[in-house]
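Colleague: This is the structure, below, for whatever I ask next.
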Amino acid sequence: MDYIPLLKLFYTNRENYNEIYMQRYNNENAVHLNFKIHDNQAFFIKLPEFIPKIIEIYKIDKEIAKLRWQLPQIAINHFFTKCLIDEIILTNDIEGVNSTRKEISSILSDLELQSKVKHKGERFYGLVQKYVLLKDDNEIMKFESCEDIRHLYNELVYNEIEEDDPDNLPDGKLFRKDSASVVTPTQKTIHTGVYPENNIINSMENALSILNDNSIELIFRVAVFHYLFGYIHPFYDGNGRTSRFISSYLLSKEFESIMAYRLSYSIKVNISDYYNAFKICNDTRNKGDLTPFIIMFIDIIYSSLLKLKESLEEKHSQLSYYFERFINLPDGTDDKYFPLYSLLLQASLFSNEGISTGELMKILKISRTTLLKRIENLKKYNLIIIKAISNTNNYWLNLDVVDKFNSIADEN
């Protein structure tokens, strides 16, 4: 969008800088917020360009919903899990926290088995557990008070921070007592958070009031709160993961729930724009104008949904293509093997983790002996990929070999 930040105008159009600021601040489409960025009242402008972009966002969301219902439930479950693991790894990665698929998958597996005692207090347990809840349309979380924010923080990242660096745990009544800054790898201060704690609490209360103001469109509220959370910087560590989770949750209630597992991916892809938007709005010369951050945030939501739709369309097309060509595979028309091929195909297209022995037995309603006999038959043709994950064998259909069978059939 062609919107020049006030920060840039300060350097490129200094003679008209103050006049342009007043025009923007007093614009009939300006929304004034009960929050100060440094000494300036925060505001944003509901640009005319926002309308078609937001309409397109809701249109894409409906198309995603349609695609979701066209796909088999097993495929969707696999895709949810894949995106969930990616989201957790990426939200950690953005903060420089290392996590692996093995760690996340192990916790997910035990959560599905309700083996909570084994993982309670384990690294990333809280983060995984909270993200799993985003799939549940009936799960309601409230972010109305500072206590709500601290409670979420405790469940989400407290254990990891306690393990990695207990000195970074909150030491105030709810948040931090001392000052905290965001610094570059070379230790240059980018931003210093609100301080002391009573100011943090007052600022967070104002930010939460904005978040819950239904007179403001939800996308604008989520974007503004996401920025304000970063500006306040209420904790020594864990701010980014906490604020991204809140944004993911709120977006999952407005759009398809799978959207909750795409935000960190989209931020990571656009990380320089993301940080630059914070930098612009944090600068005193931008005079509290949060419009640049909202532009960036809406673009990220749009990009996220568009890529999600394209990914589902591609996988839907691949699924249809291979379903129709099972006839070219050994026993591909056999009622005993077609369902197995189908499940292995869905695992190949929609999952990084494959499908486990237990899942196959449960869905196909067959014994382990019967399943392993059929798998052995597919192994003779190299049609199956097997990998041990979390003490169980997981399986995929070998699509390269499937393609060879199809090529031979086409030639004949």
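The values are calculated or read from the model by the stated rules, or taken from the named source; none is laboratory data. Since the model is a prediction, treat every value here as computed from it, not as a measurement. Neighbour counts run over all protein chains shown; Cβ positions are idealised from the backbone, glycine included. Note: accessible area is taken over every heavy atom of the protein model, side chains too, but ligands, DNA and RNA are not part of it. Shrake-Rupley method; radii C 1.70, N 1.55, O 1.52, S 1.80 Å.
Colleague: Taking helices (runs of 4 or more DSSP H) that fall entirely within region 232-328, which contain at least 3 residues that are more than 13 Å from the chain's Cα centre (by Cα) and crowded, with 20+ Cβ neighbours inside 10 Å?
Modeller: It comes to 271-282, 291-324.
Colleague: I'm trying to understand the selection: among the residues of region 22-67, which are closer than 24 Å to VAL194 by Cα and open to solvent by less than 20 Å² (accessible area, probe 1.4 Å)?
Modeller: Passing the criteria: LEU33, PHE35, ILE37, ALA42, PHE43, PHE44.
Colleague: Another question about this same structure. Between residues in region 349-360 that are under 7 Å from ASN394 (Cα atoms) and residues that are part of a helix (DSSP H, G or I) and aliphatic (A, V, I, L, M), which pairs lie under 7 Å by C-beta distance while being six or more apart or on different chains?
Modeller: GLY354/ALA347; ILE355/LEU343; ILE355/LEU344; ILE355/ALA347; THR357/LEU371
Colleague: Within region 357-383, which residues are under 21 Å from PHE323 (Cα atoms) and open to solvent by less than 20 Å² (accessible area, probe 1.4 Å)?
Modeller: Once the filter is applied, which keeps residues that are under 21 Å from PHE323 (Cα atoms) and open to solvent by less than 20 Å² (accessible area, probe 1.4 Å), region 357-383 yields LEU360, LEU371, ILE375, LEU378, LEU383.
Colleague: OK, next. Within region 379-412, how many residues are in a helix (DSSP H, G or I) and without any contact (Cβ under 8 Å) to a residue 40 or more places away in the chain?
Modeller: Total satisfying the criteria: 8.
Colleague: With the condition kept exactly as written, say whether any residue in region 86-96 is outside any helix (DSSP H, G or I), at pLDDT 80 or above, more than 16 Å from the chain's Cα centre (by Cα) and within 26 Å of ARG241 (Cβ to Cβ).
Modeller: yes
Colleague: Hey, could you check region 1-47 for residues that are farther than 27 Å from ASN214 by Cα and among the acidic types (Asp, Glu) and say which is farthest from the chain's Cα centre (by Cα)?
Modeller: That would be GLU15.
Colleague: Just to be sure before I move on: is LEU340 within 30 Å of GLU63 (Cα to Cα), assigned to a helix (DSSP H, G or I) and under 28 Å from the mean Cα position of the chain (by Cα) in the structure I sent?
Modeller: No: the conditions fail for LEU340.
Colleague: Now, a different point. Counting just the residues of region 136-166 that are polar (S, T, N, Q) and free of Cβ contacts under 8 Å to residues at least 40 places away in the same chain, which one comes out nearest to ARG244 (Cα to Cα)?
Modeller: The qualifying residue nearest to ARG244 (Cα to Cα) is ASN154.
Colleague: Hey, can you tell me all the residues within region 138-150 that are in a loop (DSSP other than H, G, I, E, B) and of a type in the set (A, V, I, L, M, F, W, C)?
Modeller: Within region 138-150, ILE140, MET141, PHE143 meet the criteria.
Colleague: I'd like to check something: does region 178-190 contain any residue that is open to solvent by 60 Å² or more (accessible area, probe 1.4 Å) and either on the phi > 0 side of the Ramachandran plot or modelled with pLDDT of 95 or more (or both)?
Modeller: So far as region 178-190 goes, yes, one or more of its residues are open to solvent by 60 Å² or more (accessible area, probe 1.4 Å) and either on the phi > 0 side of the Ramachandran plot or modelled with pLDDT of 95 or more (or both).
Colleague: Taking PHE43 and the conditions (1) assigned to a helix (DSSP H, G or I); (2) farther than 30 Å from LEU156 by Cβ; (3) not basic (Lys, Arg), which numbered condition does it fall short on, given that it satisfies the others?
Modeller: Only one criterion is unmet by PHE43, namely (1).
Colleague: I've got another one for you. Exactly one of these conditions fails for LYS135: (1) in a loop (DSSP other than H, G, I, E, B); (2) open to solvent by 60 Å² or more (accessible area, probe 1.4 Å); (3) modelled with pLDDT of 90 or more. Give me its number.
Modeller: Condition not satisfied by LYS135: (3).
Colleague: Same structure, new question: Within region 331-341, which residues are in contact (Cβ under 8 Å) with a residue 40 or more places away in the chain and open to solvent by less than 20 Å² (accessible area, probe 1.4 Å)?
Modeller: Listed by number, the list holds a single entry, TYR341.
Colleague: Name the pairs whose Cβ atoms lie under 9 Å apart, with the first residue in region 186-209 and free of Cβ contacts under 8 Å to residues at least 12 places away in the same chain, the second of a type in the set (A, V, I, L, M, F, W, C), and 6 or more positions between them or separate chains?
Modeller: Matching pairs, first to second residue: THR189/VAL182; THR189/VAL183; ASN199/ILE232; ASN202/VAL194.
Colleague: So which residues in region 138-172 are open to solvent by 10 Å² or more (accessible area, probe 1.4 Å), within 16 Å of GLU95 (Cα to Cα) and of a type outside the set (Phe, Trp, Tyr)?
Modeller: Matches in region 138-172: ASN159, GLU162, GLU163, ASP164, ASP165, ASN168, LEU169.
Colleague: Inside region 151-191, can you point out the residues that are farther than 20 Å from VAL128 by Cβ and not in a loop (DSSP other than H, G, I, E, B)?
Modeller: Matches in region 151-191: PRO166, ASP167, ASN168, SER181, VAL182, VAL183, THR189, ILE190, HIS191.
Colleague: Moving on to the next point. Looking at region 384-412, which of its residues are open to solvent by 70 Å² or more (accessible area, probe 1.4 Å) and on the phi > 0 side of the Ramachandran plot?
Modeller: Selection gives ASN391 alone.
Colleague: Residues to consider are TYR227, TYR125, TYR236; find the one that is aromatic (Phe, Trp, Tyr) and closer than 30 Å to ILE55 by Cβ.
Modeller: Result of the check over TYR227, TYR125, TYR236: TYR227.
Colleague: Another question about this same structure. Restrict the check to region 60-72 and report whether at least one residue is of a type in the set (Gly, Ala, Ser) and closer than 30 Å to LEU343 by Cβ.
Modeller: Yes, because at least one residue in region 60-72 is of a type in the set (Gly, Ala, Ser) and closer than 30 Å to LEU343 by Cβ.
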